[in-house]
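What follows is a single structure, written as structure tokens, with notes after it.
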Amino acid sequence: MDRIIASLLNEFSREHDLLTLPDEDRFEHFASFVTVRRQYGETFDTSDIVLGKTGGIGIDAIAVIINGSLIADIDTFNELDEASYLDVTFIFVQADQGASFEAGKMGNFGFAVADFFSGTPQLSRSNELKEAAALMSAIYDRSSKFRRAKPACRLYYVTTGRWTDDQTLEARRKEVVADLTALGVFREVIFIPVGADGLQQLYSQTKNSISRAFQFPNRTSLPEVAGVKEAYLGFVSAPSFLSIIEEDGEIIKSIFYDNVRDWQGESPGHVNAEIRDTIRSDHKDRFVLMNNGVTIIARNLQVTGHKCYIEDFQIVNGCQTSHELFGNQESISESLMIPLRLISTQDEGVIESIIKATNRQTEVKKEQFFAVTEFSKQLERFSRRSQKNTSCFMSVVPVNMMVFKARKLG
């Protein structure tokens, strides 16, 4: 373990009252914290996810995130009975203080995770692992509620060495992913090796705000507003926007915390289905005209030419758009443009008012959308002409109410 990692480990241990634990145990808590924090931005106790010395063989920590919450036991999971959907991510961590990655340990890690999901496990299970497995079984028993068809699976193999894309190690990583994918119980499997550099970066991210640089050439400066440092209105290409919301192939959950609406899933008939259809269609260039766009509030903003650098930012409106773009990357191109409102302010009152205003929407019923169709307009014209007919008349109410009544005179 190099001096930097040792220093970070000691700092983490002091902050979390872990100094009395052996180095090996402290490192397990440290590795589990920085990796799970990538998926879960709220405060949590690593003792809820670290299995400890009596834990599983090859697995040091297990975290289960359901509908944006870290669920540690079945009792907490049962409180989600009334939830209309389940969006599940399983996270597995193996922490090794060794100064190098080992193909054998990677293989054992993958086997242990596969065994965890087996109905007839071959490896012995501690009480902690049995409890985690019971939670897993309860989740799959309610698979009809899975929002995105199946749960996601993340594996983090953490060491203090350096990942150099060694062919043997990369082949073993891919083999583990293929074996877990073949189980057919995940929508995706991601295996991320984390070395000393990655540990430093992940720990730094838990301390510092996320920052991004992106191209925003098509923008207009908005007039001066009290409490707002600067603000722009315009549009960005879909690839540029994706660079803001994703990292290492994953969407950054923490940048949506101030958004009052969580991602609403892929339910047929939902507005998300319409967003998705447009992204996948041949007229995706209309997206910029059909979508309400995204609002980003950044506490720090620097603009140089066409490039914008934002730090400590939140997407306060546009969560559905963001997730649909991320989930349909194979269909996007530079021609797909996203309306963007970019605001820089550190005034909490301004931030709160913008969040409320951009997320307050009056419900529009399906019947009201019918009023703008060509058929409804022709029907209204026909009904007005029919009033002149002596054998039949149609009583017409305002077309936006879409209630038409006809009766035959006797």
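The values are calculated or read from the model by the stated rules, or taken from the named source; none is laboratory data. What you see is a predicted model, and the numbers here were worked out from it, not measured in a lab. When we count neighbours, we look across all protein chains shown, and the Cβ atoms used for this are built from the backbone with ideal geometry, even at glycine.
Data table
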item: Sole exception among (1) loosely packed, with under 15 Cβ neighbours inside 10 Å; (2) under 30 Å from residue 222 (Cβ atoms); (3) modelled with pLDDT of 60 or more; (4) not hydroxyl-bearing (Ser, Thr, Tyr) for residue 363, by number; result: (3)
item: Residue 71 vs. criteria of a type in the set (A, V, I, L, M, F, W, C), buried (at least 16 other Cβ atoms within 10 Å of the Cβ) and more than 17 Å from residue 156 (Cβ to Cβ); result: yes
item: Residue in the stretch 36-81 that is farthest from the chain's Cα centre (by Cα), counting only those that are in a strand (DSSP E or B) and at pLDDT 90 or above; result: 50
item: Candidates 197, 165, 179, filtered to the one that is free of Cβ contacts under 8 Å to residues at least 40 places away in the same chain and farther than 30 Å from residue 43 by Cβ; result: 165
item: Hey, residue 118 closer than 23 Å to residue 84 by Cα, without any contact (Cβ under 8 Å) to a residue 24 or more places away in the chain and assigned by TED's automatic domain parsing to the domain that holds residue 36 or not; result: no
item: Scan of the stretch 102-120 for residues that are modelled with pLDDT of 90 or more and assigned to a loop (DSSP other than H, G, I, E, B), ordered by number; result: 102, 117, 118, 120
item: Residue check for residue 166: acidic (Asp, Glu), closer than 20 Å to residue 59 by Cα and out of contact with any Lys or Arg (no Cβ under 8 Å at 6 or more places or on another chain); result: no
item: Residues of the stretch 145-164 satisfying the condition of being within 21 Å of the chain's Cα centre (by Cα) and either part of a helix (DSSP H, G or I) or hydroxyl-bearing (Ser, Thr, Tyr) (or both); result: 145, 156
item: Pairs, first in contact (Cβ under 8 Å) with a residue 24 or more places away in the chain in the stretch 272-284, second assigned to a loop (DSSP other than H, G, I, E, B) and of a type in the set (Ser, Thr, Tyr), C-beta under 8 Å, six or more apart; result: 284/333; 284/335
item: Residue 397 being modelled with pLDDT under 85 and surrounded by 10 or more Cβ atoms within 10 Å (Cβ to Cβ); result: yes
item: Out of 13, 84, sole residue that is part of a helix (DSSP H, G or I) and in the same structural domain as residue 111 (by TED's automatic domain parsing); result: 13
item: Options 110, 119; residue that is of a type in the set (Gly, Ala, Ser), surrounded by fewer than 14 Cβ atoms within 10 Å (Cβ to Cβ) and under 20 Å from residue 153 (Cβ atoms); result: 119
item: Filter pass, residue 99 being assigned to a loop (DSSP other than H, G, I, E, B) and either in the same structural domain as residue 191 (by TED's automatic domain parsing) or crowded, with 19+ Cβ neighbours inside 10 Å (or both); result: yes
item: Extreme residue, nearest to residue 346 (Cα to Cα), among residues of the stretch 201-224 that are in a loop (DSSP other than H, G, I, E, B) and in contact with a helix residue (DSSP H, G or I) (Cβ under 8 Å, 6 or more places away or on another chain); result: 210
item: Where residue 402 falls short, out of the listed (1) over 22 Å from the mean Cα position of the chain (by Cα); (2) at pLDDT below 75; (3) surrounded by fewer than 17 Cβ atoms within 10 Å (Cβ to Cβ); result: (3)
item: Test: residue in the stretch 305-321 that is touching a Ser or Thr at 6+ places or on another chain (Cβ under 8 Å) and acidic (Asp, Glu); result: yes
item: Cβ pairs under 8 Å, 6+ apart, first in the stretch 18-29 and without any contact (Cβ under 8 Å) to a residue 60 or more places away in the chain, second assigned to a helix (DSSP H, G or I) and surrounded by fewer than 17 Cβ atoms within 10 Å (Cβ to Cβ); result: 19/10; 29/47
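Matching residues to (1) surrounded by fewer than 19 Cβ atoms within 10 Å (Cβ to Cβ); (2) in contact with a Gly (Cβ under 7 Å, 6 or more places away or on another chain):
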| position | (1), (2) |
| --- | --- |
| 282 | yes, no |
| 295 | no, yes |
| 300 | yes, no |
| 307 | yes, no |
| 336 | no, no |
